[in-house]
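*Asks:* Sharing a structure here in structure tokens format.
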Amino acid sequence: MQPEIAGKQDRRFEHVGVVREAAEEIRRPSLTYLQDSWRRFRQSKAAVAGVVILLLFVLLAFLGPLLAPSDYDATDLGQSNQGMSWQHWFGTDELGRDLWARVWIGGRVSILIGILAAVLQASIGILVGSIAGLVGGRVDALIMRVVEFLMAFPYLVWVTLLMMVTGSGILPMVLALTLTGWLSMARLVRGQILSLKNEDYVLAADSLGADRRRVITKHMIPNMMGVIIINMTFAIPGAIFSEAFLSFIGIGIKSPQTSWGLLVSMGTKSVYTYPMRLLIPCICISLTMLSLQLIGDGLRDALDPKLRH
Amino acid sequence: MKLLKYAVRRVLMALLMVFLLVTASFFLVKLIPGSPFTSEKMQAGNKEAIYAYYGLDRPVYEQYFTYLGNLLRGDLGISYKIRAVSVNQIIADAFPYSLDLGLRAIGFALTFGLLLGIVAAYRRGKAMDTLTMVIAIIGTSIPSFIVGFLIQYLFAVRLKWFPVAQYRGFAYTVLPTFSLGLGMLATIAKYTRTSMLEVISADYVKTANAKGLSKRRIVFVHQLRNALMPIVTLLGPMVASVITGTFVVENVFAIPGLGRHYVTSVQNLDYTLIVGLTIFFAAFLVVMNLLVDFVYLLIDPRIKLEG
């Protein structure tokens, strides 16, 4: 069609014709789902900032203790309660332990608990949720009643009761957090499976004779991966918070072991005289949780196939 | 009639839940290693006398049924650590503080959360919107006790604008209310913004505009009413988060409420107090959830009861 205005040809434009082949030409390389997600993830400044902050903290947790003048649990009463100095970068505590070493060893413990708990919670949640979703019927009803019952009460109360039975330490805490934290993932996976069951492509695969296993591995799992990863990203700061809470009320990690939650708890005892002892672990916990939150938000936007362009 | 049947079923379910929780927490506490009396110096025979006094010498199942029987009469037993004081008395003394703090926190969070969420939605992409999102992210990622310590140090210890601790008047309540409410405020603002955005572009708003209704009528009758409906469902989880929030915030600000008692009871292995408070929290939460469900049923005409 030539551009016309009120029946007359517009002299300002010139018709150059249409080359059909050129319209069909693929100019840019096509992107896979993951490439596209990665491209969109990078565009979010907040998410990239989150990754940078998180990497910084992980790096410090790994390398920080190596730069310390002494081990995290080595006491030296001659050097107790020191402020920041060239020798002890974060000072020392009341037993003369180097706080730079304790903060980063504590970071290892907190981050480790966060990741371990998130992975284990997700595994149990995925397992239980897919059983409920795929088997259905009475099994589903029973599982969902149990989930509802456990969800009806604050999970920190459950974790506290469990931690009192299992005793303090890293592994008991991971165990308690796992036993109480799988509920939301189970609900999520069950819901996903129920809605995916009704998708047209699953119906198509079924009618083309694909067996159950193929439907699950080729259609259901790839389509659920996004929400599962996002849920796990948000579970890590949740577990880090629970660690801090439990250590704070005195049933989580116990000295001479250390964690960010325990450091906060110790810091509160000397907040008037040595406020840095409280501020440093508080900043560590907050920034780590903030970075994971930002990454989670970025992933949610990047992994949503409906937002793909 | 349908409503009555639904109500009866829901109440029965709630009672069953509380019963299951009583059983679960009773036996979990029995599994805890150690005893609340191990730390005390005792002469021979005293331990037996104390165990007999608290009924701990009898078999566990008998203790369980005694406990259930007492519970039916509303008696939660006596504390093992705070001498000669019943759990009921502790709850009666401490609950008003927690209730007051919790209500203030919820009020604070609702007022400013809704306000921020609504303004952010109407000014989408503008400075207020960005500010709301920043508050939402910070509020959800910084734990309440860290907020508590930070503002306590800044505003009470350094600047001396507010008292450091305790709970004896309005000035005392400001910092605890803020630390307990900030997380909720963030969640509410986020939800409100999302649901307002959905409503702003909804078909019935276009219709209302086309009919020539006044701006005020559209905002208050058509938009807010529909957008705020989902916020009611947040009230249940909010009560839960207030309960766990008081565990730490009351400790930070030395408020003699239930949360503080819960933490000390855990540290002291005060079994009757732990179980008693757990049951109290659970019952409170179950009742609140029931209320929220009924309120939702009444205000949302779209919900139809099945069966």
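*Asks:* Collect the residues in the range A:247-266 that are open to solvent by less than 10 Å² (accessible area, probe 1.4 Å), in contact (Cβ under 8 Å) with a residue 24 or more places away in the chain and either over 14 Å from residue A:176 (Cα atoms) or facing chain B (nearest Cβ under 10 Å) (or both), keeping them in residue-number order.
*Replies:* Result: A:249, A:258, A:259, A:260, A:261.
*Asks:* Restricting to the range A:145-165, name every residue that is over 24 Å from the mean Cα position of the chain (by Cα), open to solvent by 10 Å² or more (accessible area, probe 1.4 Å) and at the interface with chain B (Cβ under 7 Å from one of its Cβ atoms).
*Replies:* A:149, A:164, A:165
*Asks:* Of these, B:109, B:189, B:156, B:208, which one is more than 23 Å from residue B:236 (Cα to Cα), at pLDDT 85 or above and open to solvent by less than 10 Å² (accessible area, probe 1.4 Å)?
*Replies:* Answer to the check: B:208.
*Asks:* Here's a follow-up. Does residue B:168 satisfy the condition of being more than 14 Å from chain A (Cβ to nearest Cβ) and of a type in the set (D, E, K, R)?
*Replies:* yes
Residue by residue, here is whether (1) open to solvent by 10 Å² or more (accessible area, probe 1.4 Å); (2) modelled with pLDDT of 90 or more; (3) part of a loop (DSSP other than H, G, I, E, B) holds:
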| site | (1), (2), (3) |
| --- | --- |
| A:78 | yes, no, no |
| A:81 | yes, no, yes |
| A:94 | yes, no, yes |
| A:100 | yes, no, no |
| A:103 | no, no, no |
| A:106 | no, no, no |
| A:118 | no, yes, no |
| A:131 | yes, no, no |
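*Asks:* Also, I was wondering about something else. Give me a count of the residues in the range B:237-255 that are more than 10 Å from chain A (Cβ to nearest Cβ) and either of a type in the set (Gly, Ala, Ser) or out of contact with any helix residue (DSSP H, G or I) (no Cβ under 6 Å at 6 or more places or on another chain) (or both).
*Replies:* 1
Quick grid of which residues meet (1) within 14 Å of chain A (Cβ to nearest Cβ); (2) without any contact (Cβ under 8 Å) to a residue 40 or more places away in the chain; (3) acidic (Asp, Glu):
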{"residue": "B:60", "(1), (2), (3)": "no, yes, no"}
{"residue": "B:75", "(1), (2), (3)": "no, yes, yes"}
{"residue": "B:81", "(1), (2), (3)": "no, no, no"}
{"residue": "B:110", "(1), (2), (3)": "no, no, no"}
{"residue": "B:122", "(1), (2), (3)": "no, no, no"}
{"residue": "B:145", "(1), (2), (3)": "yes, no, no"}
{"residue": "B:150", "(1), (2), (3)": "yes, yes, no"}
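The values are calculated or read from the model by the stated rules, or taken from the named source; none is laboratory data. Every value quoted in this text rests on a predicted model; they were computed, and no experiment measured them. Quick reminder, even Gly has a Cβ in these numbers, built from the backbone with ideal geometry, and neighbours come from all protein chains shown. Calculation scope for accessible area: heavy atoms of the full protein, side chains included, ligands and nucleic acids excluded. Shrake-Rupley method; radii C 1.70, N 1.55, O 1.52, S 1.80 Å.
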